[in-house]
Structure formats: C-alpha cells, structure tokens
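Colleague: Pasting a structure below so you can have a look.
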Amino acid sequence: MTLRVGRIPFLVCAPFFFNSVGRENEFPDVAFVDGPPSAHSAGLKDGSIHLSPASSITFAQKPGAFVLSPSLCTSCSFEVRSVKLFSRYPISELSGKNIRMTSQSKTSVTLLRILLENRYGLSPEYVPGLAAESTDDACLLIGDLALEENERHRFAYSYDLGTLWQEWQGLPFVFGAWLISKEALSARLRPVLDDYMARLETSIHEFRKNPSQALDVWLAKYPVNLPRPLVEDYFSVLDYRFTDERKQSLSLFFKLAAQMRLVESAPPIEFLE
C-alpha cells in the first residue's frame, strides 16, 4: 500500500522535500502529491493523502482524525517573511477597508482575523482571492507570493504575522505542522510511515549542512523570482523544531480560533508515538 504525501512547492518546505525532487524512485512506497497548503488540508480531510506539512488549523477542523509529528513543524522566531499583510493604510485604520485574503492557507487567514479582530479590535471587509488587485486596500499573501511582494514595494505598509503574534502572545507561531492521518497508522502503512518520518529528519539535517546545494535542486524544479542571496537568507528566520513553547502556542491558537467560532472547538493535540 502506498503512502500518499502532500508536497508543498513553496520555498519554506524545501528542507522537507528537496531530497525527493527528481529522486522519487528512491521512495518506492511513497507517492508525492504537489499542491498548496489549502489543497493538502482538503486532501487530508477527504482521505486522498495521508500526511503533509499542512496548515496547522486543519488539525482543529477535523478533530480526532490526525496525529502530529512531535518533532517537526514550520515556525519562526518573530518574523517569518512569507506570511504578510500588505496595506495602503496603517493597520489601525483598516476597519471598514477591504482586505483580499489568500485562498492558499486557512491558518494564515485565521491568524490574521484573530490579530485584527481580537488584538486590534478592527472590523474590516474580507474579500476572497489569491493575489493583490489594484482596488484592494490591503491583502494577505503567503509563501513565495509574499516573498516576491516584499521586493515590489507596492504597498506603503507591511506586517509580518509571525511578528504580530509573538509581540502579542510572547510565543513563536506555528504556521504548519506535519499532520498524519490515522489511516497511516495501520499495520500495512506504519512501517512506511516510520521510515519516511526518519528520512524527513535526515532531509532537514542535510539541508542545514549544505543549503546552497539543496536549493540548487529545489529551485531547478520550483523556481522563484527572487535574488539568490535573499532566498538563502530566508532560511535564517525559519525553525522546524516543534518545541514545547511552539506546542503551547499552537494550543493557544486553537483556543482563540474556537472563541471566535472560526473552528468548532479547540481539540487536544495528539502526537505520533
């Protein structure tokens, strides 16, 4: 039986997946499915994939269906750079203004709503969409689109959501977590899963040891319109360790999302054992 893995073609996920690019035949019991976090969140919930470094809010959207890797996540220390609110107005003036909200990640959308409504007491108009349009007062972008918008300087103001959360709560935010469907814990799939999770740890270690070489592989498959020094420096702000304070932060995020009725409840976090 094949383990179906959601692979996200964003720079932030390069350490997880660079060693599978062009070498998929070295993973005979694994099928990689490329797509954004939103697609993999849907795939996890409908059973079409078994695991992915998906939007962390997905865990709370289907309580009891998943376990998390106890050691791996996608996080930062203050700034994350690739999850940002770009605005033509100061954040304090966004009540009544329209904000275009990315469709690529429910976690980022939920986090922005918590920040704007709970931290700042604002009531903006949320407009669905992928990229900024000329009529938008502000927009939320994630991943490579956010990194590219950083370089365009089309908006007077920009706000890093990782920084806004940590300034407010004193904890680093967890944007992505390795969600694992409980179907993958079956007797047939568990050995494949355990082997793959071990290879993930090795992949991150190899990336940190030689990021330039790893990025050569990644960018040949998933190019970005960014200067190479900026790409390499991006990984200085990212941290993939699921520490105790990050687990505390994720639980708090679920609690605040439930209080605002953005999810039905704040489920207890279950980890892969």
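The values are calculated or read from the model by the stated rules, or taken from the named source; none is laboratory data. As the structure is a computational prediction, the values presented were derived from the model and not from experiment. Positions of Cβ are backbone-derived with ideal geometry, glycine not excepted, and every protein chain shown enters the neighbour counts. The protein model used for the area step is the full one, side chains on, heavy atoms only, and it has no ligands, DNA or RNA in it. Shrake-Rupley method; radii C 1.70, N 1.55, O 1.52, S 1.80 Å.
Colleague: Ranked from highest to lowest mean number of other Cβ atoms within 10 Å per residue, what is the order of the peptides 89-102, 165-178?
Modeller: Per-residue Cβ counts within 10 Å, averaged per peptide and sorted highest first, yield 165-178, 89-102.
Colleague: Run the dipole for the range 142-217 about the Cα centre, Lys and Arg Cβ at +1, Asp and Glu Cβ at -1, nothing else charged, and hand back the magnitude in debye, nearest 20.
Modeller: Details: 8 positive and 12 negative charges, 58 e Å.
In debye, rounded to 20, the range 142-217 gives about 280.
Colleague: For Glu125 and Thr243, compute 0.36 nm times the residue count separating them, minus their Cα-Cα distance, and round to one decimal in nm.
Modeller: 39.0 nm
Colleague: Ranked highest first by the average count of other Cβ atoms within 10 Å around their residues, in what order do 237-243, 193-199 fall? Write down the numbers at each step before the final one.
Modeller: Working: 237-243: 17.4, 193-199: 15.6.
For the peptides 237-243, 193-199, the packing ranking is 237-243, 193-199.
Colleague: Compute the distance from the alpha-carbon center of the range 222-273 to that of the range 27-92, in whole Å.
Modeller: 8
Colleague: Under the 0.36 nm per residue contour assumption, what length would be gained going from the current alpha-carbon distance of Asp34 and Arg261 to full extension?
Modeller: Extra length from Asp34 to Arg261 when fully extended: 78.7 nm.
Colleague: If I ignore ligands, DNA and RNA and count only protein heavy atoms, how much of His153 is accessible to a 1.4 Å probe, in Å² to the nearest 10?
Modeller: Here the residue's solvent-accessible area equals roughly 140 Å².
Colleague: Place the peptides 254-260, 33-39 in order of packing, highest mean first, counting for every residue the other Cβ atoms within 10 Å and averaging per peptide. Numbers along the way, then the final one.
Modeller: On the way: 254-260: 17.3, 33-39: 19.3.
The packing order, highest mean first, is 33-39, 254-260.
Colleague: Okay, next question. Considering only protein heavy atoms and a probe of 1.4 Å, how much of the accessible area of the chain is carbon and sulfur, as a whole percent?
Modeller: Carbon and sulfur atoms account for 49 percent of the accessible area of the chain.
Colleague: Let me ask you something else. Once the convex hull of the alpha carbons of the chain is built, what does its volume come to per residue, in cubic angstrom?
Modeller: Convex hull volume per residue, Cα atoms: 117 Å³.
Colleague: Assuming R0 = 25 Å, can you tell me the calculated FRET efficiency for the pair Ser71 and Glu148, based on Cβ-Cβ distance, to the nearest 0.05? Before the final figure, lay out each step's value.
Modeller: On the way: r = 31 Å, r/R0 = 1.23.
The pair Ser71/Glu148 has a calculated efficiency of 0.20.
Colleague: Normalised radius of gyration for the range 1-140, please: alpha carbon Rg relative to 2.2 N^0.38 Å, two decimal places.
Modeller: That works out to 1.20 for the range 1-140.
Colleague: Calculate for the chain the 222 nm mean residue ellipticity that helices alone would give, adding -39,500 (n - 2.57) per DSSP H run of length 4 or more and normalising by residue count, nearest 500 deg cm²/dmol.
Modeller: Dividing the helical sum by the residues of the chain leaves -10500 deg cm²/dmol.
Colleague: Setting aside same-chain residues fewer than 8 positions from Lys84, which lysines have a Cα under 29 Å from its Cα?
Modeller: Lys84 reaches Lys45, Lys62, Lys97, Lys106, Lys209, Lys221, Lys247, Lys255.
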